[in-house]
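Written below as structure tokens is the structure these notes are about.
Derivation of every value follows stated rules applied to the coordinates shown; laboratory data play no part. Nothing here was measured: the structure is a model prediction, and the numbers come from that model. Every residue, glycine among them, receives a Cβ derived from its backbone with ideal geometry; neighbour counts consider all protein chains shown.
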Amino acid sequence: MNFSHQAAVNALGQKALSGIELSDLFQNTVGLVSQILNVKYTRVWQVLSDNNSLRKVASIGEDIFTKDAEINVTTNQQLQKLLEHTQPIINLKTPCCEIDDLTIPSPPDSIAGLSVLIPGAVKPLGFLEIYAIEARDFAPDDIHFLQSVTHVLATAIERKFAEALVYTQSQILEQVAFGVNLYDIFNNLCILLEQQLPGAYCSILVVDPENRRLRGGAAPTLPPEFAKGVNGLMIGECCGSCGTAAYRGDSVFVNDIATDPLWADFRDFALSYNIRACWSSPFTSHTGEVLGTFAISHKFPCHPTPHHLEILKTATHIASIATETARAAAALQKANNELEQKVEERTAELKKALLDLQKTQAQLVHSEKMSSLGQMVAGVAHEINNPISFIAGNLGYANQYIEDLLDLIAVYQEQYPQLNPTIAAKIKAIDLEYLCNDLPKLMKSMTAGSERITDIVLGLRNFSRLDEATMKSVDIHEGIDNTLMILNHQLTLPNKIPDIQIIKEYGQLPKVSCYVNQLNQVFMNILNNAIYTLKENIEYWQTSNQIPTIKIKTLVIDDKRVLISIKDNGSGMNSEVQKHVFEPFFTTKPVGKGTGLGLSISYQIVVEKHQGQLSCISALGQGTEFLIEIPITASSCK
């Protein structure tokens with residue numbers, strides 16, 4: 001072999017050692033050989049996994065993807081000799097422009113050529129062809145060069161296969177570690193292993209333990225209809241390679257489906273898709289439970305090689321690890337989900353218990369507060385009632401006595417028109433005429449005042465209603481008016497700002513069955529909040545032409561419920577505040593200004609006690625409206 005030949009082989013060897021992909025190495029090889037030997041056509045054929053087929057993997061001078069890209073060698077004696085090492089070099093001569101030593105179609109204008117085996121450690125890996133378009137006798141250096149090239153190719157192919165198996169394991173195990181979906185792992189495993197088994201189909205079926213069948217796990221290159229047909233395959237003896245392997249718990253090698261009894265029930269189906277050989281191994285759990293099967297299928301009858309057995313062993317080992325890891329992850333996830341569910345349930349229980357406790361606390365605090373207020377109001381009303389009753393009861397007598405005295409004075413003036421100087425001086429001093437005219441007016445004012453005090457006392461007693469814990473039919477308007485009377489002193493604003501205006505739009509309401517004392521609390525809480533909001537807006541009322549207003553509107557809905565609307569024209573509230581406005585202890589007031597109990601208690605009174613509805617409508621700058629809706633009759637309430 002001359003220097004140029006050796007240099008070319010060395011260059012090719014360097015490329016092979018660089019880790020170049022086999023497809024690129026094959027294509028570089030045909031280009032290099034054609035250039036060095038000055039031939040028009042060069043081909044590389046690779047033996048497929050079944051050892052009975054060849055695939056054209058590189059070509060120069062013609063299209064690689066022709067209809068003769070794959071051929072069966074079982075009927076070709078010359079190719080069999082080539083692949084059996086009995087004739088590693090075949091001289092191709094075509095005196096009539098037709099190569100008849102091989103049945104592989106040759107380029108149409110080729111005259112002479114050589115076919116050189118690519119030897120493997122155990123079996124041939126393929127061969128290299130060259131064709132010249134003129135009559136030519138190839139020199140020994142040319143043959144030696146080609147043999148050197150094929151040895152480089154053989155070394156590269158076997159090294160790639162060895163590296164690929166390690167690479168496949170590392171890649172798939174890495175995916176397992178990162179928690180990639182199990183079926184994606186199966187699919188990737190089949191694809192990587194098929195790259196090491198040219199012409200073979202790799203597939204995985206997984207056990208459905210409930211139905212004792214095999215379900216599709218991965219079949220990236222199998223004919224789709226065939227993969228669909230084996231999905232749901234029964235597990236048992238004579239159920240093809242995979243069903244039998246899963247049943248036996250051991251590898252099953254069917255070298256020719258056309259004659260093997262294990263495929264008797266499925267033979268025609270497999271042959272219709274050109275599946276002639278199928279080797280299947282089960283993969284199991286650490287306890288020996290069959291989890292699924294890994295299969296290698298071929299288009300032609302064939303026997304497994306040590307390489308096939310090594311791939312089956314590796315594939316089932318990886319599939320076992322992936323499946324058990326996925327199961328463990330699923331079990332852990334299920335346990336986590338159950339734990340999270342229990343934590344959520346327990347948290348919800350604790351939240352509910354806390355909320356119930358807060359409500360109870362709120363009820364106790366507010367009930368005590370309202371009870372104290374009611375007792376105080378009732379006490380004040382009682383204490384005021386006694387003296388005012390005495391005063392009111394005696395005003396009539398006082399009026400009568402004064403009228404009698406005035407009449408007596410008039411009689412004296414008539415009988416003694418000539419007054420004693422001392423008496424005249426006294427009359428002038430006290431301005432008797434004015435006194436006689438003003439004293440009846442004064443008594444009338446005192447009578448009106450006592451009547452007003454009596455009305456206030458009655459209102460206070462009606463508001464407290466300490467003796468009315470049961471449900472009664474009452475006038476809702478009376479409760480609202482009594483509440484307004486108690487809050488009347490708070491309607492005054494400072495700095496010459498107009499007082500808070502109360503606008504009443506009362507509808508024609510029937511008497512409503514309710515817990516009077518509790519409903520009065522609701523009116524008190526909502527009106528008190530409205531007044532507080534309007535008072536907090538002092539600067540706005542100073543600069544605007546608006547008057548702070550609370551509008552109270554009542555009406556009947558569907559003859560079954562009454563609606564009480566209490567609306568202010570204050571600053572309003574945002575949506576976030578509205579979400580929490582009825583929660584216990586939630587307040588927007590500064591510390592010491594509010595406890596956050598009023599609206600929470602009001603909500604419970606309206607919704608729980610009266611089976612009604614209490615809602616809030618508000619927007620920033622648009623004021624706030626509370627809508628109280630309760631049934632008219634007691635039959636609708638609890």
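Place the peptides 524-534, 503-513 in order of packing, highest mean first, counting for every residue the other Cβ atoms within 10 Å and averaging per peptide.
Result, highest mean Cβ count within 10 Å first: 524-534, 503-513.
Go through 343-354, 138-149 and give me the packing order, highest mean Cβ count within 10 Å leading.
Those peptides, ordered most packed to least, come out 138-149, 343-354.
In the neighborhood of TYR506, defined by Cβ-to-Cβ distances under 12 Å, what is the net charge if each Lys or Arg adds +1 and each Asp or Glu adds -1?
Charge balance near TYR506 sits at -1.
With the contact rule set at Cα under 8 Å and sequence spacing of 6 or more, what percent relative contact order holds for the stretch 492-608?
Relative contact order for the stretch 492-608 comes out at 29 percent.
On a full-extension model of 0.36 nm per residue, what is the gain between GLN418 and ALA619, subtracting their alpha-carbon distance, rounded to one decimal in nm?
64.3 nm
Could you size up the charge dipole of the stretch 116-185 around its Cα centre, putting +1 on the beta carbon of Lys and Arg and -1 on that of Asp and Glu, and report it in debye to the nearest 20?
Here the stretch 116-185 has a charge dipole of around 220 debye.
Calculate, for GLU576 and ALA335, the FRET efficiency according to 1/(1 + (r/R0)^6) with r their C-beta to C-beta distance and R0 35 Å; round to the nearest 0.05.
0.40
Among 201-214, 436-449, 225-238, what's the highest-first ranking by average C-beta atoms within 10 angstrom per residue?
So the order, starting with the most tightly packed, is 201-214, 225-238, 436-449.
Where does the charge balance sit around THR325 when Lys and Arg score +1, Asp and Glu -1, over other residues with C-beta under 14 Å from its C-beta?
Net of charged neighbours comes to -2.
So what are the chain's ellipsoid semi-axes, whole angstrom, largest first, if each one is the square root of 5 times an eigenvalue of the alpha-carbon gyration tensor?
114, 29, 19
Compute, for the stretch 179-304, the length of the dipole vector about the Cα centre, with Cβ point charges of +1 (Lys, Arg) and -1 (Asp, Glu) only. Units Debye, rounded to 20.
120 debye
Which distance in Å, rounded to a whole number, links the C-alpha centroids of the stretch 145-196 and the stretch 488-549?
Answer, in whole Å: 83.
Assuming a viscosity of 1.002 mPa s and a temperature of 20 °C, what translational diffusion coefficient in µm² per second does Stokes-Einstein assign to the stretch 179-304, Rh being the Kirkwood radius over Cα pairs?
My calculation gives 150 µm²/s for D.
Taking only C-alpha pairs under 8 Å that are 6+ residues apart, what is the relative contact order of the chain in percent?
Answer for the chain is 7 percent.
Where the only charges are on Cβ atoms (+1 Lys, Arg; -1 Asp, Glu), what is the dipole of the chain about its Cα centre, to the nearest 20 debye?
The calculated dipole for the chain is roughly 1080 debye.
Just want to confirm a number: the relative contact order over the stretch 179-304, from Cα pairs under 8 angstrom separated by 6+ residues, in percent.
Computed over the stretch 179-304, the figure is 23 percent.
To the nearest Å, what is the center-to-center distance of the stretch 246-285 and the stretch 301-364, using C-alpha atoms only?
Measuring centre to centre over Cα atoms gives 35 Å.
Could you pull the Cα extents of the stretch 468-636 along its three principal axes, largest to smallest, in whole Å?
Computed over the Cα atoms, the extents are 50, 31, 28 Å.
Can you find, among GLN501, ILE20, ALA410, the residue farthest towards the positive end of the dipole of the chain? Put +1 on the C-beta of Lys and Arg, -1 on that of Asp and Glu.
ALA410
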